[in-house]
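Some notes on the structure that comes next.
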Amino acid sequence: MIDISVSSLVKSYELGKNILDGLSFTINSGERVGILGHNGCGKTTLFKILVGELPYDEGDVMIASGKRIGLISQIPNYPADWTTEDVLKDAHRHLYNISRKLDEITEQLEIEQSPALLRDFDRLSEDFRRLGGYEMDVNRNRVANGLMISDAMREQSFDSLSGGEKTRVNLARLILEDTDILLLDEPTNHLDLKATEWLEDYLLHFKGTVLTISHDRYFLDTVVQRSIEISDGKAELYSGNYSFYVQERQQRFEEKLRKYEKDQAKIAQLTRAAEQMHLWAFMGNDKLHKRAFSMEKRIEKLGSSERPHEEKKLKVKFKQREFSGDEVLVTDGLSKSFDHKQLFKDLTLTVTGGERIALIGDNGAGKSTFIKLLMNEEKPDEGYLYHGPSVRAAYLPQIVKFNDESRSALDTMLYDCKCQPQEARDRLASFGFRGEDVLTPVGSLSGGEKSRLRLCMLMGSDINFLILDEPTNHLDISSREWMEDALSDYTETLLFVSHDRYFIEKFAQRIWFLNNGEITDFRGSYKDFCTWRERQAVFEQAEKEVKRKKEDKKPKAPRTDRQLAKLERDIEKLEAQIGELEAQEEEFAADYQKLMEIEAQKEELNEQLMELYEKWEALEA
């Protein structure tokens, strides 16, 4: 069954310039599809058209009848006094509406025992149960915990949250709404590794349809079954995940290039033959003109195809400073707290020349603070850190700022890097800043462009210890690949904080996992680290099982009258509590919501009572 059908879709923002130009594709029910393409190609525009936020100029868009569709690219406007919990509960507004209707019918039934009202009550009760009314609190807690939405954050005013926190809450709300079709626009942008893995697991078990725009290549490889690239306003279809797309795209490019070169060779051959036939025709054989004209038509048809263009890669290289010595960095007993929260304690680490280290951990674990300590932007509470005498460090922060935001990119290079105008332009061009782009004020650049400019400035320095804090955070896939190409040639020491697992796997030879104030120092790749953690979890579970079995084998304590007496007192207490709840059921007979709460409490107490009965019987035996 087809959930989404897009046919010959055209959308323009400027007269004569179509951002979508004949886009066509279909999505089947239950598919998980990645929407790929460079920034500005029309991916987000497509999503807004699918949910009806934007009109389109030509073509057809069809969403399967009865299918609910949800998008998280924009944060809805909620009432000013709403907390995060109010936003999450808004996902279940239809269930709360049913609950209110049940309350109203219950009140009416006290006055009139109407068969019609009873039928309505039974129907709504069944809808409430079928739609998960009794599980909505449990589901809300499960999703909030999975996306790292703490209890404290749930009590906060929604307007007081940061942009990243709002995105996480909105993603949670969309998941709780249980829509049939999910449209996710950069869903992992503000998630740490744990939350991203939770989202991946959720999407892998989600029974509906998923379309996602993402620059997280690891996420695309894990979740996506099929890929659609938007290029020149049209859809190029690929029957696999991101890694399949990369390989298949290269093969298609090479095939197009071979065909183009073959056509050019054929054109040259036909051109020579046509010219020869025209020459022979002038010598008395007019029939050869017709053959020559026929060849020229073939030449015209072959010549209509353009040479395929491969996306230009930035050719950049770090200027490196040779390192001499054994130790790049040493920390001993390093500790740091903020607002009475211990971020880390007694960290003792040594880094030698040429190592590539990924510092990973949950949001708020203290990764960025640790980096600031290394750069002397923060002071430790205890311990010390030491850089080798020949170490020259360079730092790319998560949020890039410049001395004068009104200066152009070119002037910033000239003032801060003390280079000549032509050298500045050449370096900027190698990072994608060409033509008029170099005159743009740096304050007007996007986060990704600022990171690129800062990296461009760093590459002119003599450095042997490069520290990066979330270097790929604001970059599209092409820019991430440019950065990776540059770092591939960097042979000195590299330390980086990242949630980009593709990037981590490519560069890390050592993992520092910061968790609960301690660093686990693992030597190996990210995949090796994940395998090691899984193995550790299995060992820990096995140890718990062995310990439990040992405890089960311990000789039972002899029966005593004191134990029996305590059990009997506990049983009497529970029976009394259950009796009180039964009395409350009569008192609140007209309050449907209260009755549901009382019934849940009774079930819990009855389970505890049965456990006590079993223990009492065992002691008696």
Given a Förster distance of 22 Å, the FRET efficiency implied by the Cβ-Cβ spacing of Asn376 and Asp332, rounded to the nearest 0.05, works out to 0.85
Any idea how far apart Gln250 and Met1 come out in nm if each label point goes 7 Å out from Cα toward Cβ? 4.0 nm
Taking the Cα atoms only, what angle lies between the long axis of helix 287-302 and the longest principal axis of the chain, rounded to 10 degrees? 30 degrees
Compactness of the stretch 193-310 - radius of gyration and Dmax, Cα, Å: 24.8, 83
So what is Rg over Rh here for the chain, counting just Cα atoms and using Kirkwood for Rh? 1.09
Work out, in µm²/s and without decimals, the Stokes-Einstein translational diffusion coefficient of the stretch 120-187 at 25 °C, 0.890 mPa s, Rh from Kirkwood over C-alpha pairs. 179 µm²/s
Given +1 on the Cβ of Lys and Arg, -1 on the Cβ of Asp and Glu, and no further charges, what dipole in debye does the chain carry about its Cα centre, rounded to the nearest 20? 3740 debye
Quick one: angle between helix 561-587 and the longest Cα principal axis of the chain, in degrees between 0 and 90, rounded to 10, please. 80 degrees
Based on DSSP H runs of at least 4 residues, each adding -39500 (n - 2.57), what is the mean residue ellipticity at 222 nm of the chain after dividing by all its residues, to the nearest 500 deg cm²/dmol? -15500 deg cm²/dmol
For the chain, take the longest principal axis of its alpha carbons; what is the angle in degrees between that and the long axis of helix 477-488, to the nearest 10 within 0 to 90? 80 degrees
Given R₀ = 25 Å, FRET efficiency for Lys566-Ala600 by Cβ-Cβ distance, to 0.05? 0.40
Roughly speaking, what is the stretch gain from Glu306 to Arg93, that is 0.36 nm per residue apart minus the C-alpha to C-alpha distance, in nm to one decimal? 71.2 nm
Virtual spin-label span in nm between Asp137 and His340, 7 Å along Cα→Cβ: 2.9 nm
Protection proxy ranking of 336-344, 60-68, 83-91 - average other beta-carbon atoms within 10 Å, highest first: 83-91, 336-344, 60-68
Taking the Cα centre of the chain as the origin and placing charges on Cβ (Lys, Arg +1; Asp, Glu -1), which of Thr520, Gly364, Ile175 is farthest toward the positive end of the dipole? Thr520
DSSP beta bridges in the chain, what fraction antiparallel, as a percent rounded to 5? 55 percent
Which peptide among 104-115, 482-493 comes first, and what is the full order, when sorted by highest mean count of other Cβ atoms within 10 Å? 482-493, 104-115
Per-peptide average of other Cβ atoms within 10 Å, ordering 301-309, 169-177, 420-428 highest first: 169-177, 420-428, 301-309
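A short reminder: the numbers here are calculations on the coordinates, not readings from a lab. As the structure is a prediction and not an experimental result, all values here were calculated from the model. Note that each Cβ is placed from the backbone with ideal geometry, even for glycine, and that neighbours are counted across all protein chains shown.
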